[in-house]
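The values are calculated or read from the model by the stated rules, or taken from the named source; none is laboratory data. Note that the coordinates shown come from a computational prediction; the quantities given were computed from them, not determined experimentally. When we count neighbours, we look across all protein chains shown, and the Cβ atoms used for this are built from the backbone with ideal geometry, even at glycine.
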Amino acid sequence: MISVKDLTFVYEGARKAALSGVSMEIRQGGFVGVIGPSGAGKTTLLSCMNGIIPHHFKGDYYGSVKICGKDTFDCSLTELSLVAGTVFQDVDGMLINATVEDEVLYGLENFGLPKAEIAARLEEVLEEVGIAGLRRRSISTLSGGQKQKVAIAAVLALRPQILLLDEPTGELDPASSRLVFSLLKRLNRERGITVVAVEQKIMLLSEFASELAVMSEGRLEFFGPVREVLRHSEELEKIGVNCPRVVALSRELEKRGLTAGTLCVSVDEAEAEVRRVLEG
Amino acid sequence: MIRLERVCYRYEGSGAAVEDLSFEINRGEFAALLGENGAGKSTVAKLIDGLVKPASGTVTVAGLDTRKTKTSELAKRVGFLFQNPDRQICKNTVREELAFGLELRGLDRAAIDERVERTLRDFGFDGERGPFTLSRGERQRLALASIIAAEPEIMILDEPTTGLDYRECMRVMEAVKGLNENGATVLMICHDMEVVLDFARRALVLSKGRLIADGAARRIFRSACAMEKASLSPPQITQLSLRLGAGFEEADTVGELAEAIVKRRRAV
């Protein structure tokens, strides 16, 4: 679905590469969480997947990124935006219309879809994302979580196969953050949409993502199923990525000789493991 | 140090942001203000540093009634870290940024230079760097450093760790902890319950502009009613120890839970 090969990118005028030799294959229907310290290259990687690099931001570009078999270098941003929809970090900067309905319509009208098709997609997407009740609301009156949903709906209306999101819960409270990730998970599971989300909240990623990509200083340090990556918790902490506390607990119980190294990534798993330990 | 008595405040054209709110925070406390987006947390922060004045009730900060005191006067006592550091950074170099707040306070040149140098050293900043060439996390630390340089008695932090990676978050929080250990009173708005557990001793929970719980942070996390009402989940280890029940009431950290498990096994 997304194939990144030996990707190196140096922003114009920069001395250091923002990405160095990154290679990864993201399968169709994957849900990848991208995590890493500030300046690790997470947003740059996303920008290479949606074509903003090299089409908008210039620089030295080596390697390749293929989306559904097509090299992003050879596709226009318009073509790419129909396959891979992006929700940017600054959602307020992304929403430019007065009402929820207008925001969703904007992309559809720009792509010149027939009127009946536009109406049908609008209904469908508002329902899908659970914001039908907000249809005529002014965007300025929405909460952060609601705005994030509108941004996702506007992108989904174009029926992309891939959703790319840059810190979608950055300014949301815990309940709204979970709502956004639950929605992404549902779209991923029920509609088969491939999701790539840059996110700092490791607990959300360990609960909702199927794979983790850990970046540091422009390199992809780890990439694989969440549980496999979290096994490297000590190395992750050195990079500057924390792990869920239940992972630290698993490590502590192993260190004390109470378990044989079972890794728990959720509270449910940890509860079962602790009960086993208590029963001896 | 901070006292709110029956405070009400509403923004023009909308419902009450804060309703009949009363609480007191004593000198040297490290308290966290919790609640959903829109619960009124930022309004409380603005009421304390005088950016908004109560419609009714009284806000007293360091003995000063905020309605009778100029915001600039309050700013000498209260340091305020905005959620977005770019709202407060306004100078061309890190050194100028650090000096700016001190100049406004009317300190003499020698004192300003001494405090700026000390802060540069403590935070490891390059004084000649342009603030906007720093990463978001570094800018947050710079905003915090400029407040700390002014040695405020009270520090209000509005989501100080938003947008920061883990390492940056810890560096910012360690700096706040240091300030608190030196006697400053800290009130922090925070959505990250693990950070609250690690740093705050007291928690106040707001819901729809009202105070619904107030007490030791660890005790609040174990109050299912308050947490649910504010749509909050306790930190992971607290969730786990709540499920494990008797014998795990004091276990909120990894170390404490591991100890409790060992103890229980010995007892069996």
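What to note about this one:
- Pair list, Cβ < 6 Å and 6+ apart or interchain, from region B:163-175 residues that are facing another protein chain (nearest Cβ under 7 Å) to residues that are modelled with pLDDT under 85: B:Gly163/A:Gly170; B:Gly163/B:Arg136; B:Asp165/A:Ser38; B:Glu168/B:Gly137
- A:Ile202 vs. criteria within 18 Å of A:Gly30 (Cα to Cα) and within 10 Å of chain B (Cβ to nearest Cβ): yes
- Some residue of region A:140-157 being modelled with pLDDT under 90, in the same structural domain as A:Arg27 (by TED's automatic domain parsing) and not in a helix (DSSP H, G or I): yes
- Some residue of region A:53-72 being small (Gly, Ala, Ser) and closer than 30 Å to B:Arg171 by Cα: no
- Residue in region B:77-92 that is in contact with a Phe, Trp or Tyr (Cβ under 7 Å, 6 or more places away or on another chain), more than 14 Å from chain A (Cβ to nearest Cβ), surrounded by 15 or more Cβ atoms within 10 Å (Cβ to Cβ) and in a helix (DSSP H, G or I) present: no
- Flag if A:Arg245 is within 9 Å of chain B (Cβ to nearest Cβ), surrounded by 21 or more Cβ atoms within 10 Å (Cβ to Cβ), under 16 Å from B:Leu257 (Cβ atoms) and among the charged types (D, E, K, R): yes
- Top-ranked residue of region A:163-185 - restricted to ones that are in contact with a strand residue (DSSP E or B) (Cβ under 8 Å, 6 or more places away or on another chain) and more than 14 Å from every other protein chain (Cβ to nearest Cβ), ranked as farthest from A:Gln148 (Cα to Cα): A:Lys185
- Residue check for B:Ser146: more than 21 Å from B:Ile189 (Cα to Cα), within 24 Å of the chain's Cα centre (by Cα) and of a type in the set (Gly, Ala, Ser): no
- Boolean, A:Leu183 is assigned by TED's automatic domain parsing to the domain that holds A:Gln28, under 30 Å from A:Glu124 (Cβ atoms), touching a Leu at 6+ places or on another chain (Cβ under 8 Å) and assigned to a helix (DSSP H, G or I): no
- Residue match in region B:45-59 (condition: surrounded by fewer than 23 Cβ atoms within 10 Å (Cβ to Cβ) and closer than 21 Å to B:Ile220 by Cα): no
- Residue within region A:251-261 that is part of a helix (DSSP H, G or I), closer than 30 Å to B:Ala39 by Cβ and within 14 Å of another protein chain (Cβ to nearest Cβ) present: no
- Residue list for region B:224-268, filter: in contact (Cβ under 8 Å) with a residue 60 or more places away in the chain and more than 7 Å from every other protein chain (Cβ to nearest Cβ): B:Ala230
- Within the set A:Val100, A:Val83, the sole residue that is of a type outside the set (Ser, Thr, Tyr) and either within 14 Å of another protein chain (Cβ to nearest Cβ) or touching a Cys at 6+ places or on another chain (Cβ under 7 Å) (or both) turns out to be A:Val83.
- Hey, A:Leu236 assigned to a helix (DSSP H, G or I), at the interface with chain B (Cβ under 10 Å from one of its Cβ atoms) and not polar (S, T, N, Q) or not: yes
- Residue check for A:Gly29: surrounded by fewer than 19 Cβ atoms within 10 Å (Cβ to Cβ), on the phi > 0 side of the Ramachandran plot and either within 17 Å of the chain's Cα centre (by Cα) or not assigned by TED's automatic domain parsing to the domain that holds A:Val150 (or both): yes
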